1. For the stretch 59-127, which trypsin sites (Lys or Arg not before Pro) are in a loop by DSSP, counting at most 15 other Cβ atoms within 10 Å?
2. What residues qualify as long-range amide H neighbours of ILE133, i.e. H under 5 Å apart, gap of 5 or more or another chain, H built at 1.01 Å from N?
3. Hey, how much of the P(r) for the stretch 443-590 falls beyond 26 Å, as a percent of Cα pairs?
4. Taking θ = phi - 60°, what integer Hz values does the Karplus form 6.51 cos²θ - 1.76 cosθ + 1.60 yield along the stretch 483-489, in sequence order, with x for Gly and Pro?
5. With each label point set 7 Å from Cα along the Cα-Cβ vector, what nm distance links ALA531 and ASN409?
6. Taking 25 Å as R0, compute the FRET efficiency from the Cβ-Cβ separation of TRP505 and LYS389 and round it to 0.05.
7. Run the count for the stretch 466-585, please: Lys pairs, Cα-Cα under 20 angstrom, 8 or more apart or on different chains.
8. Run through the DSSP bridge list for the chain and note the antiparallel percent, rounded to the nearest 5.
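The values are calculated or read from the model by the stated rules, or taken from the named source; none is laboratory data. Fair warning: this is a prediction, and the values are worked out from it, not measured in the lab. Heads up, the Cβs are rebuilt from the backbone with ideal geometry, glycines too, and the neighbour counts pull from every protein chain shown. Protein only, heavy atoms only, side chains kept; ligands, DNA and RNA dropped before computing areas. Shrake-Rupley method; radii C 1.70, N 1.55, O 1.52, S 1.80 Å.
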Amino acid sequence: MPLFIQAWKYIFTGTKKMKINGSQIVIECLLEQGVDTVFGYPGGNILNIYDALYKNSDRITHILTAHEQAAAHAADGYARSTGKVGVCMATSGPGATNLVTGIATAYMDSVPVVAITCNVITPLLGKDTFQEIDITGVTMPITKHNFMVKKIEDLAGIFRQAFLIAKSGRPGPVLIDIPKDITAQMCEFTPLSKGETGVSDLIKNNANFKRVLETGEPSPEEISKAAQIINSSKRPVIYAGGGVKISGAEQELLALAEKAGIPVAESLMGRDVFPANHRLCTWMVGMHGTRASNMAITESDLVLALGARFSDRVIGDPKTFAKDAVVFHIDIDPAEINKNIPAGGQLVGDIKTILQKLLPLIEKNSHEQWLKQIDAWKEEVPPSYSEVKKDYVNPKCMLEAVHKHAGDNAFITTEVGQHQMWTAQFYPFMKPRTFITSGGLGTMGFGTGAAIGIQIAHPEGRVVHIAGDGSFRMNCNELCTIQRYRLPIVIVLVNNGTLGNVRVWQKLFYEKRYSHTTLDFGPDWEKLAGAYGIGYIKAGNNQEFDTAFKKAFDSKTPYIVDTRVDIDEMILPMAIPGKPIDQQMMTWDN
């Protein structure tokens with residue numbers, strides 16, 4: 001029976017069941033979950049789903065990227081900027097493995113993504129068939145859960161489980177692998193009624209699945225004890241991580257900080273969870289953190305960690321990190337508690353919910369003497385911040401000019417490297433979910449795909465992508481995607497002719513032996529931009545950059561701003577890896 005006749009029968013007779021093939025079940029399940037956009041690249045074993053996408057193009061949009069990895073990053077960017085589940089898809093074998101880096105990136109940063117792959121037909125599994133790969137085995141360590149669909153009758157239930165797992169508790173990526181024959185088989189499909197999840201029986205009967213979904217909830221006694229610790233502290237500091245953003249707890253964080261007079265130091269993933277212009281904001285903490293953040297942590301008597309994982313890039317020497325402080329850790333994932341830094345107290349659960357219960361018990365305080373000391377540390381900045389070089393753009397001036405013209409509402413993406421750290425150090429983020437970067441995995445090549453996903457998710461918004469020339473080489477093929485969909489993304493190409501972060505380490509630890517980090521060869525970025533039909537403009541000093549960026553941004557078309565930065569420009573301050581974070585380099589003597 002044709003699908004439109006079944007739909008008519010459902011509408012006018014109330015019959016819920018309809019017999020459709022596996023590919024159409026995939027479409028119906030995506031629509032059930034509120035998915036309106038997927039990112040992907042077709043291939044032989046996923047053709048049945050792509051045929052269904054063609055037939056349902058009025059119901060769901062597919063964005064074709066130039067490479068499967070960019071599809072995964074685009075789904076990731078879509079998810080980070082919206083809070084929804086991002087969806088990507090690829091065919092078997094190399095198509096599926098090309099998603100792996102994007103899946104791992106989402107896993108490390110707790111991003112809800114569902115990746116759909118299609119494998120060889122069921123009878124050929126395990127026989128080294130052309131373009132066969134055990135993608136569930138490959139991705140097991142980097143997914144929150146993954147599924148291989150063995151029976152058509154399980155397909156709808158697996159999709160419903162996958163979305164619930166991806167967005168529940170600590171979010172993360174889930175992969176669904178579907179053999180091609182399953183996508184062609186017919187099966188009765190029953191749409192969910194409003195409010196149904198389709199997985200209640202599974203939660204009831206499967207202890208492992210239940211454990212994936214459940215989150216803790218502290219007792220009133222535990223909340224009260226936490227409040228007492230906060231109220232009795234003299235030099236408290238909040239260490240805010242990406243979990244604040246995932247939980248949507250930015251307003252609760254602001255209320256807590258203001259009520260108790262507590263400064264807020266942010267992780268890289270938490271750089272947009274607290275208003276940058278607020279007196280209590282000390283900006284980023286860690287290896288390239290501000291002097292104020294690092295000293296506040298070091299001299300504090302209480303570190304209230306919210307949704308942060310105490311990365312090695314934050315803590316430096318774990319023996320000296322907050323050595324005189326009680327570290328009180330609030331996180332939805334109990335595995336993070338005591339993993340890297342011993343906790344003197346803990347609350348496990350959703351941060352927003354916990355802070356809402358904690359706030360009425362917090363006493364109003366100003367901690368004025370402590371904040372005056374914080375203000376003094378804020379004045380300690382490297383001299384390079386104000387340095388002007390005749391033939392180069394200063395990174396601080398570059399980011400200030402971007403903010404001047406793009407404003408608080410723009411989404412800022414980065415690749416990974418020096419430009420990423422400069423963005424975290426200098427861009428005054430004012431609103432949550434406006435800073436999208438790869439933190440845990442540090443994925444060069446992430447940002448362009450992410451920018452595509454964000455711009456698709458927010459067609460009326462603006463995306464500025466800050467990209468180092470080393471990273472951008474890894475994904476510049478996605479310029480064709482940007483141009484095809486006419487996405488008004490401005491790419492600030494930080495062109496210093498080197499793999500900047502690696503060069504810094506070669507300076508410090510390898511006696512300036514710059515082994516394969518100098519990029520003194522193509523491409524000609526102007527010709528490349530022209531080949532893809534992308535706007536191009538070059539900037540060689542601060543004034544030129546201000547003018548060039550304004551022109552690019554105001555054009556509301558895809559643009560590359562080729563920005564010349566000195567090859568020896570450093571990221572300062574810098575704490576040497578493994579050393580105390582208060583022992584920061586403020587200058588660099590060549």
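1. On the way: sites: ARG59, ARG80, LYS84, LYS127; in loops: ARG59, LYS84, LYS127.
In loop regions of the stretch 59-127 (DSSP not H, G, I, E or B), the sparsely surrounded trypsin sites (Lys or Arg not before Pro) are ARG59, LYS127.
2. For ILE133, the qualifying residues are GLY93, VAL120.
3. Values: 3613 of 10878 pairs.
Tail of P(r) above 26 Å: 33 percent of Cα pairs.
4. 6, 4, 9, 6, 8, x, 7
5. 3.7 nm
6. Working: r = 23 Å, r/R0 = 0.91.
Efficiency at R0 = 25 Å is approximately 0.65.
7. Lysine pairs satisfying the spacing and distance rule in the stretch 466-585 number 6.
8. On the way: 7 of 71 bridges.
Percentage antiparallel, nearest 5: 10.
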